[in-house]
Amino acid sequence: MNPTSQRLILPLLLAALLAFPSFGSDFYVELVAKTLVLAIFAMSLDLLVGFTGLVSFGHAAYFGIAAYAVAMITPKYDPASLWLALPAAIIAAGLAAFVIGLFVLRTKGIYFIMVTLAFAQMVFFLFHDTNLGGGSDGVNINFKPDAAIAGWAPFDLNEPGQLYYFIVAALVAVYGVLKLVLRSPFGRVLIGIRSNEHRMLSLGYATFYYKLAAFTLAGALAGVAGFLYAVLSGFVTPELLAWHQSGNVLLMVILGGMGNLVGAIAGAFAFTAMQEAFGAWTKHWQLAMGLAIVAAVLFLPGGLSAIPARLKRAMTGEEK
Amino acid sequence: MSHATPQREALLVAEKLTRRFGGLTANSNVNLTLERGTLHALLGPNGAGKSTCINMLSGDLPPSEGRILLGGKDITGLSNHQRSRVGIGRSYQRTNIFPKFSVLENCRLAAQSRRQQPWRIVKDAVRDPDTLARAHAAIAEAGLAGREHRIAGQMSHGEQRQLEIAMVLATDAQVLLLDEPLAGMGSDESAQMVELLKRLRENRAILLVEHDMDAVFAVADTITVLVNGQVLESGDPDTIRKSPAVQQAYLGHEGADHV
Amino acid sequence: MDFYSFLIQSLNALQYGLLLFLVASGLTLVFGIMGIINLAHGSFYMIGAYLAFALTSLTGNFFVAILLGIPLALAFGAALEALLFAHLYKRDHLEQVLLTYGLILIFEEVRSLLLGDDVHGIPVPEIFAASIPLNDTLSYPVYRLVISAVCIVLAVGLYWLIQRTRLGMMIRAGSHDRDMVQSLGIDINRIYRTVFALGVALAALAGMLAAPISSVFPGMGSQVLIISFVIVVIGGIGSVWGALIAALIIGFADTFGKVLLPDFAGLIVYLVMAVVLLWRPEGILKKG
Amino acid sequence: MSEVLLEAKQLHTYYGSSHILHGVDFHINKGEALGLMGRNGMGKTTLIRSMMGLVKPRHGEVKVRGDAMTGAPTHRIARQGIAYVPEGRGIFPNLSVKENLLMAARPGVDGQRNWTFERVLETFPRLGERLTNGGGQLSGGEQQMLTIGRALMTNPDLMILDEATEGLAPLIAREIWRIVREIGKSGIATVIVDKNHAAVTSITHRSVILVKGQVVFDGDSEVLRNNQALIQQHLGV
Amino acid sequence: QDKVKVGLMLPYTGTYASLGNAITNGFKQFVSENGGKLGGREVEYFVVDDESDPAKATENAKKLVKRDNVDVLVGTVHSGVALAMSKVARENKTLMIVPNAGADELTGPLCDANLFRTSFSMWQPSYAMGKVMAAKGHKKVVTLTWKYAGGQQAVDGFKEAFEKGGGKVLKDMTLPFPNVEFQPFLTEIASLKPDAVYVFFAGGGAAKFAKDYAAAGLKNSIPLYASGFLTDGTIDAMGEASQGLLTTLHYGDGLDSARNNAFRLNYAKSYKAQPDVYAVQGYDAAQAFNVGLTAVKGDTSKRAELIKAMETAKIDSPRGPFTFSKAHNPVQNIYLRKVEGRENKVIDTPEKSLADPARGCKL
Ligand SMILES: Nc1ncnc2c1ncn2[C@@H]1O[C@H](COP(=O)(O)OP(=O)(O)OP(=O)(O)O)[C@@H](O)[C@H]1O
Ligand SMILES: Nc1ncnc2c1ncn2[C@@H]1O[C@H](COP(=O)(O)OP(=O)(O)OP(=O)(O)O)[C@@H](O)[C@H]1O
Ligand SMILES: [Mg+2]
Ligand SMILES: [Mg+2]
């Protein structure tokens, strides 16, 4: 998507998101909210996959760790403070990413894909097989975090409408942070690493630390998504960290078109929309979804975010 | 060929560099001294170990033995990015650029490496006047002016070779290690490059690996000839040109023309 | 653990490792050599098992089923390559991931539509049905030994194909630079089609051979998928011996992990992978 | 002797929207040695890639031995006895030197097997010493020898050498010129792209100069060598 | 009157797909036997595939409860998913009927007025098995199951009765779900030499286990007992290895009663397949709901009366009549079954009207 059309389309999309609750039913508001959470998750992964060239197949670990952090911090019969739970979740996820990053970033390419998977699986089994977080049955979060500061509550996450806007705000914030990061010298280095890490090294960049910073940041942002997911669904299971989850978010990023934040958001929407539409339509929805994905790969190279450029080419009558 | 220099300060010194690959010794006991204001050419047949030598100096390969000093300080233990930061820049024999970026971005990244401020994430990278200026200057010097916005990977082979040089220039290194910078360049560009090299050596130390003898003899102050990883001979261009050993191992007989 | 049961457990580990190698062997070709990240590998394994089931019920003979199943799988693989994968080689590798993910969904559903969701079994063929007694209570099924033998034959065959034949050289060359291979007058498309078909057939063969001992059930593909990738990667991508060694390591880690550290059994395989890759970031045996 | 091996008529090639070749006519006869010259970025490589089927020309025609093969798959064109040594080498780093050579081995169009593994090693003894090394571990010049050797293993009737002497030591470069000449003598046609005009014009029969995707000179190499003004104008020395 | 909205949240893809289908078939069979109606109202189905994925459970349940506003939520097979569902149902005060998931908590600490179960609790069949094995004189036993809540609860129930009967468990072994490489455990069993083995497995893993057990030569030396899921729907896959296996469950194929025979005949006619325990549980879910709905003449707003009617009902199930316990779990017979041919033949009824202890339930 070229910058000018993005500048036009983005505010429109945001307006649509803001207006949506006035039209959609409760259920769809919640569904869109969930999709937005996944969009945040997908954007955080895109920072690694699309921009830094680090294909992480274990990104759900940080998402899940943040969700578990919320679950653990929330007392059984009381809400936790939002101002405690949110930073705690983000820090837990970021810290986990930092520590795991120290190890996994020593490998490259397909090996990197597999080591990230390995660490995520270890985290998965840690929650699944031990009683750390309720074992394979997961834990309920009985109360959503409380936004009160010294008795005054600016908003109430128990209100589905307010929770929705809270999530929209988070999406905008994460998008903004990523945009800033990507246009900064730091972000340029990441993009350079994706293109040719060896040359970055010989130009004098200590790429390991840049990658570690990106990995940690992506983990922390996945933590934002994990936090929101836990608050939204009120239920945390080890499945949140399973490799399917890592796979799904990776698929969203690829489907949307790697290296494009709006693409990641579009990927999240396309993915849930397909699940919803086909699920409502037929018992064999997975067949329909599979066919749709195969068709998308064959006929939409570069993912959804490549559509505008293709349209433009088609209109100006240029062939590839 | 020699030319007057204000100070002949030894910038980079390699002592007894040795590198083994399994049973093969690609460099053995190579001593080199690169002085500021001079251009030192490293010659040798294919597979003699010239690139290996550059790789050790640039930190891309650890030496098996020997040490490397920069301005008197031992830098043998520094990795390649650390060496770049202390002022050693290199170009590659096989083009090594960012193929998807524009020429400008390639050089801008190179220039940015001198002023890394990763924590300043609010700053817009492409708006840094200093870095930009340096990038543009490097592009112009390498003869790519006017092609700033071409995508590097979509340029011809020769143009990519020019970009390769522009990137080293943008890092503003004190020591330049150039691995066959002229390879693939046309005659015009080669001639320009020779001029550029003459200008560059004014206040830098340059190590040049090159098979283009016309160019080498036009710019080199000192020449070292490597054969089978060992220094065969080292001296000023005239001595080297006349050395029978060098002729036999590398140059072939002068006057055999180009054919 | 006394010495005797240690011995038997080692035998179990060895045998399990070999079985894992059997499943991973097709992946060594398709993923390790051709570089296609094929998530549908598990589905080909599942398809093989169901083929064996369907063909055995049809013909009444397991061996006939295998003889029929292999050409079917080859044809299926070739068709898939021609229709889908052939269009993707020049694209980002991750788009293959998306494609093969779609294929998993399709294969599972089609299987469910055609053959239902029931668990099926195939009897172990008569001549291999015996067991060798190990001690007074335990005996060892002959069929498992037969599978082990097949694995070893396959490993040798694959090694020979990849490392010693010109076809193998062309495949490896093609995974690096398709244009160059073509410029040498080699029809890389046909070679890739052949190899992909071979990979599918190997996965299917693994499914067919495993069917009598593992039974045939929905979701059996996804169970072996990740572990196969783990094996190919630990072994060092592109190395047949590496994969074999990795499969054995995983076999041992898993077997003894279950017995000695049951609480962490699930974690151990991945711990092994992480440790191996941190120790040797390119797998146990590198390319070549 | 004047049977046309490879021919391009009015080729127009684009990369995306940039128009690179503007109607190039080109041909090479059996047994002929031809120099293809031009400054950086003038379209030499693009012309070769278009004829090899590696990029599709948008207009124009490519004929091999008189048969139209525009847009035919590369391997079919190569199988007509055309060997291509690309610039930047294109060795397979994940194959050993020996494998790089063996994988390409093939009898020529007439079934001739003049070039064998042994003969290639004789020609490039340096390669013989590094047979088990990975292709990626070779020095730059060794890689260059390997690609030429590999092309010879296909027993071609036409060799296209794109910057074949780039990065070769003077002695070896001379050796390559000698081999090219020998190849020519044995009846193999050659298209040579090289920045060393003197060398190219002295060993080829005919020269072609490309400027901005158009042929500006097509004629006797002898003539070109003696016309310094022309060289100066189009190649810049 | 409007149609009554029935939400079916069951697995239609993945490992448990066949279970989800059987439950659906059973449910629909009752409805059609009942003239296409429940409580006198036409039925409209809302179906969601839960994929047995707990991570999606909350959202899927909300789909039915909030989007479709179903009158009753029926589901599901996977215990983890059922737990998440029950939370949504509780929060929204939706009537929910569990047609399979056996997690003890559903009718234990998490019991709820609006939550009924027409299947079993993990504890029930395994407790009965503990009693059976103790009675058979086995003293030392080894247990083996997948390491997840269902398996653990089954083993706990078994132990409770078995140890009460004077037996001793030598070793509890578990393997990660859904791992199916059993060989090391078989070796371990052979070296421990217990009098008998008790296991809990289901589906494809169950079939493989029975085959491996037989192939290792253990079947003839150490008797194998299990909860009935081991041999339900898997006999064909096990082949020879299944013959003679003893299991306990609240249903058996050959249960010879007029009610069961009629049910089986009808099912076979409609679906061209033999019904299994899952079909029965689905059938009974429809029956139970019908009882409640009929009592209020189809008026779902009279929730309290509807529940009251279900609580006091005697459900005429193909498995034999049952009532609901205080915690809304079936009080039912547990049968001892033996595999003969392709059937789970009922050979005994070790527990008559066994009620789950419902520990932790405050109803
Ligand atoms: N990574 C490696 N592993 C094994 N051998 C290597 C490796 N790198 C280089 N060599 C060998 O070391 C020798 C020296 O190589 P080097 O690249 O330094 O030569 P060079 O002098 O630069 O030659 P050229 O002029 O052809 O570029 C060569 O024979 C090469 O095959
Ligand atoms: N893949 C590509 N995409 C877009 N443009 C390209 C691509 N490859 C080459 N070009 C452009 O086409 C023009 C001709 O390139 P070509 O490689 O044919 O030149 P050349 O004559 O071989 O030059 P050199 O002597 O430098 O190798 C150049 O301007 C180059 O930038
Ligand atoms: Mg070199
Ligand atoms: Mg070129």
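Summary of values
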item: Residue in the stretch B:162-173 that is under 22 Å from the mean Cα position of the chain (by Cα), without any contact (Cβ under 8 Å) to a residue 60 or more places away in the chain and either under 30 Å from residue A:178 (Cβ atoms) or within 16 Å of ligand 2 (Cβ to nearest atom) (or both) present; result: yes
item: Enumeration of residues in the stretch E:87-124 that are within 10 Å of chain A (Cβ to nearest Cβ) and under 19 Å from the mean Cα position of the chain (by Cα); result: E:103, E:105, E:110
item: Residues of the stretch E:184-202 satisfying the condition of being aliphatic (A, V, I, L, M), at the interface with chain C (Cβ under 10 Å from one of its Cβ atoms) and under 24 Å from residue C:120 (Cα atoms); result: E:186, E:202
item: Selection count where residues are under 25 Å from residue C:123 (Cβ atoms), open to solvent by less than 20 Å² (accessible area, probe 1.4 Å) and more than 13 Å from chain E (Cβ to nearest Cβ), scope the stretch C:29-51; result: 5
item: Subset of the stretch D:184-200 that is closer than 16 Å to residue D:154 by Cα and surrounded by fewer than 21 Cβ atoms within 10 Å (Cβ to Cβ) - its residue that is nearest to ligand 3 (Cβ to nearest atom); result: D:184
item: Residue, most open to solvent (accessible area, probe 1.4 Å), within the stretch E:217-269, restricted to residues that are hydroxyl-bearing (Ser, Thr, Tyr) and either under 20 Å from residue E:29 (Cβ atoms) or in a helix (DSSP H, G or I) (or both); result: E:257
item: Any hit, the stretch B:37-44, residues being near ligand 1 (Cβ under 8 Å from one of its atoms) and either within 14 Å of the chain's Cα centre (by Cα) or assigned by TED's automatic domain parsing to the domain that holds residue B:209 (or both); result: yes
item: Number of positions in the stretch D:136-148 that are assigned to a helix (DSSP H, G or I), within 12 Å of ligand 1 (Cβ to nearest atom) and touching a Lys or Arg at 6+ places or on another chain (Cβ under 9 Å); result: 8
item: Scope the stretch B:124-175; condition open to solvent by 10 Å² or more (accessible area, probe 1.4 Å) and touching a Phe, Trp or Tyr at 6+ places or on another chain (Cβ under 9 Å); matching residues; result: B:151, B:153, B:154
item: Residues within the stretch D:140-183 that are of a type in the set (D, E, K, R), open to solvent by less than 10 Å² (accessible area, probe 1.4 Å) and away from ligand 4 (no atom under 16 Å from the Cβ), tallied; result: 2
item: Test: residue in the stretch D:61-71 that is open to solvent by less than 30 Å² (accessible area, probe 1.4 Å), within 13 Å of chain B (Cβ to nearest Cβ) and not β-branched (Val, Ile, Thr); result: no
item: From the options A:25, A:44, A:56, residue that is touching a helix residue (DSSP H, G or I) at 6+ places or on another chain (Cβ under 8 Å), of a type outside the set (A, V, I, L, M, F, W, C) and open to solvent by 30 Å² or more (accessible area, probe 1.4 Å); result: A:25
item: Residue ranges of helices (runs of 4 or more DSSP H) in the stretch B:153-224 with at least 3 members closer than 18 Å to residue B:106 by Cβ and more than 16 Å from ligand 1 (Cβ to nearest atom); result: B:157-170, B:187-200
item: Residue match in the stretch D:92-110 (condition: closer than 18 Å to residue B:46 by Cα, open to solvent by 10 Å² or more (accessible area, probe 1.4 Å) and within 11 Å of ligand 1 (Cβ to nearest atom)); result: yes
item: Count of residues meeting criterion [assigned to a helix (DSSP H, G or I) and facing another protein chain (nearest Cβ under 7 Å)] in the stretch E:6-20; result: 2
item: Residue within the stretch A:194-214 that is in contact with a Leu (Cβ under 7 Å, 6 or more places away or on another chain), of a type outside the set (Phe, Trp, Tyr), outside any helix (DSSP H, G or I) and within 13 Å of chain B (Cβ to nearest Cβ) present; result: yes
item: Those residues of the stretch A:109-160 which are of a type in the set (Val, Ile, Thr) and either within 24 Å of the chain's Cα centre (by Cα) or assigned to a strand (DSSP E or B) (or both), in sequence order; result: A:110, A:113, A:115, A:116, A:123, A:139, A:141, A:149
item: Strands (runs of 3 or more DSSP E) contained in the stretch E:79-161 and holding at least 3 residues of a type in the set (A, V, I, L, M) and out of contact with any Phe, Trp or Tyr (no Cβ under 6 Å at 6 or more places or on another chain); result: E:95-98
item: Meets criteria (crowded, with 24+ Cβ neighbours inside 10 Å, of a type outside the set (Asp, Glu) and farther than 23 Å from residue A:136 by Cβ) for residue A:226; result: no
item: Helices (runs of 4 or more DSSP H) lying entirely in the stretch A:254-320 (those with 1 or more residues that are touching a residue at least 24 places away in the same chain (Cβ under 8 Å), more than 23 Å from the chain's Cα centre (by Cα) and more than 7 Å from every other protein chain (Cβ to nearest Cβ)); result: A:307-315
item: Subset of the stretch C:1-28 [open to solvent by 30 Å² or more (accessible area, probe 1.4 Å) and either β-branched (Val, Ile, Thr) or not in a helix (DSSP H, G or I) (or both)]; result: C:1, C:2
item: Among the residues listed as D:45, D:13, D:74, the single one being more than 16 Å from ligand 1 (Cβ to nearest atom), surrounded by 15 or more Cβ atoms within 10 Å (Cβ to Cβ) and free of Cβ contacts under 8 Å to residues at least 24 places away in the same chain; result: D:74
item: Subset of the stretch D:7-61 [among the basic types (Lys, Arg) and either more than 12 Å from ligand 2 (Cβ to nearest atom) or over 30 Å from residue A:309 (Cα atoms) (or both)]; result: D:9, D:30, D:39, D:44, D:56, D:58
item: Extreme residue, least open to solvent (accessible area, probe 1.4 Å), among residues of the stretch E:149-183 that are within 11 Å of chain C (Cβ to nearest Cβ) and of a type in the set (Phe, Trp, Tyr); result: E:182
item: Pairs where the first residue, in the stretch B:23-50, is within 20 Å of residue B:88 (Cα to Cα) and free of Cβ contacts under 8 Å to residues at least 24 places away in the same chain and the second is within 16 Å of ligand 2 (Cβ to nearest atom) and open to solvent by less than 10 Å² (accessible area, probe 1.4 Å), C-beta under 9 Å, 6+ apart; result: none
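Each row is one residue, and each column tells you yes or no for (1) away from ligand 3 (no atom under 16 Å from the Cβ); (2) within 14 Å of chain D (Cβ to nearest Cβ); (3) under 23 Å from the mean Cα position of the chain (by Cα); (4) not small (Gly, Ala, Ser).
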{"position": "B:99", "(1), (2), (3), (4)": "yes, yes, yes, yes"}
{"position": "B:110", "(1), (2), (3), (4)": "yes, no, yes, no"}
{"position": "B:119", "(1), (2), (3), (4)": "yes, no, no, yes"}
{"position": "B:138", "(1), (2), (3), (4)": "yes, no, yes, no"}
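The values are calculated or read from the model by the stated rules, or taken from the named source; none is laboratory data. Remember, predicted model here, so these are calculated numbers, not experimental data. Quick reminder, even Gly has a Cβ in these numbers, built from the backbone with ideal geometry, and neighbours come from all protein chains shown. Just so you know, the surface numbers come from the protein's heavy atoms only, side chains and all, with ligands and any DNA or RNA stripped out. Shrake-Rupley method; radii C 1.70, N 1.55, O 1.52, S 1.80 Å.
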